[in-house]
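**Q** Take this structure, written in structure tokens, and hold onto it; I'll ask about it next.
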Amino acid sequence: MNGMKFRGVVTAIVTPFKNGEVDEDALRKHIRFQIEGGVQGLVPCGTTGESPTLSHEEHNRVVAITVEEAAGKVAVLAGAGSNSTREAIALAVHAKKVGADGLLMVTPYYNKPTPEGIFLHYKAVSEAVDLPIMLYNIPGRCGVNILPETMVKLAEIPNVVGVKEATGDLGQMTRTIELCGPDFLVTSGDDALTLPLLSVGGGGIISVASNLIPGPMVEMWKAWESGEVKKARELFFKMLPLFKALFVETNPMPVKAALSLAGRMDSEMRLPMCQPKPATVEALKPLLKQWGLM
């Protein structure tokens with residue numbers, strides 16, 4: 001197995017809510033918008049999709065809808081992480097059953113497992129489900145960091161094909177690429193580090209911003225891939241103010257507010273996620289106008 005089908009721009013899609021329930025109509029429209037924008041893949045039920053607040057039934061339904069709407073046109077990397085290995089396996093089994101192309105699995109959070117515990121967690125999932133696994137390393141949320149030396153060991157698990165790196169530490173990401181080699185896909189978990197990571201051998205971005213501007217994100221990626229470095233850099237810096245604005249408060253609060261301003265869905269979230277501050281929303285408006293979204 002390899003992670004090449006997950007290269008490029010993969011959108012970590014939001015989960016639309018309406019009156020306390022998953023808004024399936026808005027979700028389907030949003031997925032179609034992403035596909036029309038040219039993205040290479042979709043991640044349902046990640047952090048951006050408010051997965052911690054979804055029931056198991058809702059989680060499975062969102063994954064199934066994403067696979068159905070993707071219809072093989074783009075890859076579906078189903079969020080299936082948990083701090084319970086047994087629960088992670090159950091989510092992964094369902095994702096396989098409905099036809100997902102792979103799994104995005106966050107490091108077990110709150111438990112603070114040792115490197116050996118992290119290894120055994122992913123090994124157990126890989127033995128239970130025959131799908132490519134992308135690790136998701138985000139110590140700011142999980143309380144543990146998969147260091148490059150541990151990543152090398154994890155990369156030896158046959159269906160562990162790469163990692164979404166959200167440490168914010170480009171040095172660590174570079175070291176992981178160096179140690180794990182070109183067949184191990186290292187993608188950015190931070191829009192604002194996309195181009196820097198590509199420059200040292202990264203494979204793309206699992207993006208929040210592409211919920212809003214899939215086309216320009218894909219254009220930047222394709223420019224880089226075709227050797228048009230100047231064009232890629234210009235697009236990156238044009239998008240950078242939006243990248244920053246979307247992380248002024250905890251994701252996905254700003255991006256959901258922005259999608260609501262753009263008329264794509266309601267801004268409704270589930271506690272403990274809440275509406276961003278009015279100043280955050282106001283700061284988004286000129287950026288959305290710049291991109292023709294308002």
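Read the figures in this text as sums done on the coordinates, not as results from a lab. Since this is a predicted model, take the numbers as computed values, not measurements. A quick note on method: Cβ atoms are made from the backbone with ideal geometry, for glycine too, and the neighbour counts reach across all protein chains shown.
**Q** Relative contact order of the stretch 8-157: what whole-number percent is it, with Cα pairs under 8 angstrom and at least 6 residues apart?
**A** Numbers: 240 pairs, mean separation 27.9, N = 150.
Answer for the stretch 8-157 is 19 percent.
**Q** What distance in nm separates the two pseudo spin-label positions at Ala128 and Met1, each 7 Å out from Cα along the beta-carbon direction?
**A** Rounded to a tenth, the inter-label distance reads 1.4 nm.
**Q** If you don't mind, another one. Give the label of the value calculated from the structure for Cα extents along the principal axes in Å, choosing from (1) 53, 38, 35; (2) 48, 45, 34; (3) 66, 42, 36.
**A** Identified label for the calculated read-out: (2).
**Q** Can you list the lysines whose alpha carbon is less than 19 Å from that of Lys231, not counting same-chain residues fewer than 8 positions off?
**A** Leaving aside lysines fewer than 8 places away in the same chain, those within reach of Lys231 are Lys222.
**Q** Pull out the extension gain between Phe247 and Glu57, defined as 0.36 nm times the separation in residues minus the alpha carbon to alpha carbon distance; nm, one decimal. Walk me through the numbers before you get to the answer.
**A** Values: separation 190, 0.36 × 190 = 68.40 nm, distance 2.91 nm.
Once the chain is fully extended between Phe247 and Glu57, it gains 65.5 nm.
**Q** About the Cα centre of the chain, how large is the charge dipole given +1 on each Lys and Arg Cβ and -1 on each Asp and Glu Cβ? Please answer in debye to the nearest 20. Please report the intermediate quantities before stating the final value.
**A** Values: 29 positive and 31 negative charges, 99 e Å.
Using Cβ point charges on Lys, Arg, Asp and Glu, the chain gives about 480 debye.
**Q** Cross-link list Lys256/Lys277; Lys5/Lys238; Lys73/Lys97; Lys5/Lys164; Lys123/Lys164; Lys244/Lys277: which exceed 20 angstrom alpha carbon to alpha carbon?
**A** Values: Lys256/Lys277 13 Å; Lys5/Lys238 27 Å; Lys73/Lys97 18 Å; Lys5/Lys164 14 Å; Lys123/Lys164 18 Å; Lys244/Lys277 15 Å.
Violating the 20 Å Cα-Cα cut-off are Lys5/Lys238.
**Q** Within the chain, what percent of beta bridges assigned by DSSP are antiparallel, to the nearest 5? Please list the in-between numbers first.
**A** Values: 2 of 28 bridges.
Percentage antiparallel, nearest 5: 5.
**Q** Checking the a/c ratio against 1.5 first, then a/b against b/c, what shape does the Cα gyration tensor give for the stretch 68-226? Present the calculation step by step, with values, prior to reporting the outcome.
**A** Working: a/c = 1.72, a/b = 1.18, b/c = 1.46.
Judged from the Cα gyration tensor, the stretch 68-226 comes out oblate (a/c at least 1.5, b/c at or above a/b).
**Q** Pop a pseudo-label 7 angstrom from the Cα along the beta-carbon direction at both Ser199 and Lys73 and give the gap in nm to one decimal.
**A** The modelled label-to-label distance comes out at 3.5 nm.
**Q** Once you place label points 7 Å from the Cα toward the Cβ at Lys112 and Glu178, how far apart are they in nm?
**A** For Lys112 paired with Glu178, the spin-label model returns 2.9 nm.
**Q** When the Karplus curve 6.51 cos²θ - 1.76 cosθ + 1.60 is applied with θ = phi - 60°, which whole-Hz ³J(HN,Hα) does each residue of the stretch 85-93 get, with x for Gly and Pro?
**A** Once rounded to whole Hz, the list reads 4, 4, 5, 4, 5, 4, 5, 5, 4.
**Q** Right, here's the next one. Could you calculate the FRET efficiency of Arg270 with Glu228 from 1/(1 + (r/R0)^6), where r is the beta carbon distance between them and R0 is 35 Å, rounded to 0.05? Spell out each step's value before the answer.
**A** Details: r = 41 Å, r/R0 = 1.18.
Here the calculated transfer efficiency is 0.25.
**Q** Only helical DSSP H runs with n ≥ 4 go in: add -39500 (n - 2.57) per run for the chain, normalise by residue count and round the 222 nm mean residue ellipticity to 500 deg cm²/dmol. Kindly include the intermediate steps, with their values, before the conclusion.
**A** Working: 12 runs with 136 residues, N = 294.
That comes out to -14000 deg cm²/dmol.
**Q** Next up: Just add up the charged neighbours of Pro216: K/R +1, D/E -1, any other residue whose Cβ is under 12 Å from the Cβ of Pro216.
**A** Details: positive: Lys222, Lys231, Lys238; negative: Asp191, Glu219, Glu234.
Computed value for this residue: 0.
**Q** Give the peptides 39-51, 105-117, 184-196 in descending order of average Cβ contacts within 10 Å, highest first. It would help to have the intermediate numbers written out before the result.
**A** Working: 39-51: 25.0, 105-117: 16.8, 184-196: 22.5.
Ranking, from highest mean packing down: 39-51, 184-196, 105-117.
**Q** Report the charge-dipole magnitude of the stretch 128-218 in Debye, nearest 20, computed about the Cα centre from +1 at each Lys and Arg Cβ and -1 at each Asp and Glu Cβ.
**A** Values: 4 positive and 9 negative charges, 29 e Å.
So the magnitude is around 140 debye.
**Q** Counting pairs of alpha carbon atoms under 8 Å apart in space and at least six apart in sequence, what relative contact order in percent does the stretch 156-294 give? Can you show the working numbers first?
**A** Details: 162 pairs, mean separation 21.6, N = 139.
Relative contact order, the stretch 156-294: 16 percent.
**Q** State the extension gain, in nm to one decimal, for the chain segment bounded by Lys277 and Arg32, taking 0.36 nm per residue of separation less the distance between their alpha-carbons. Intermediate results must be reported in sequence, preceding the final value.
**A** Values: separation 245, 0.36 × 245 = 88.20 nm, distance 2.96 nm.
Gain on extension, Lys277 to Arg32, equals 85.2 nm.
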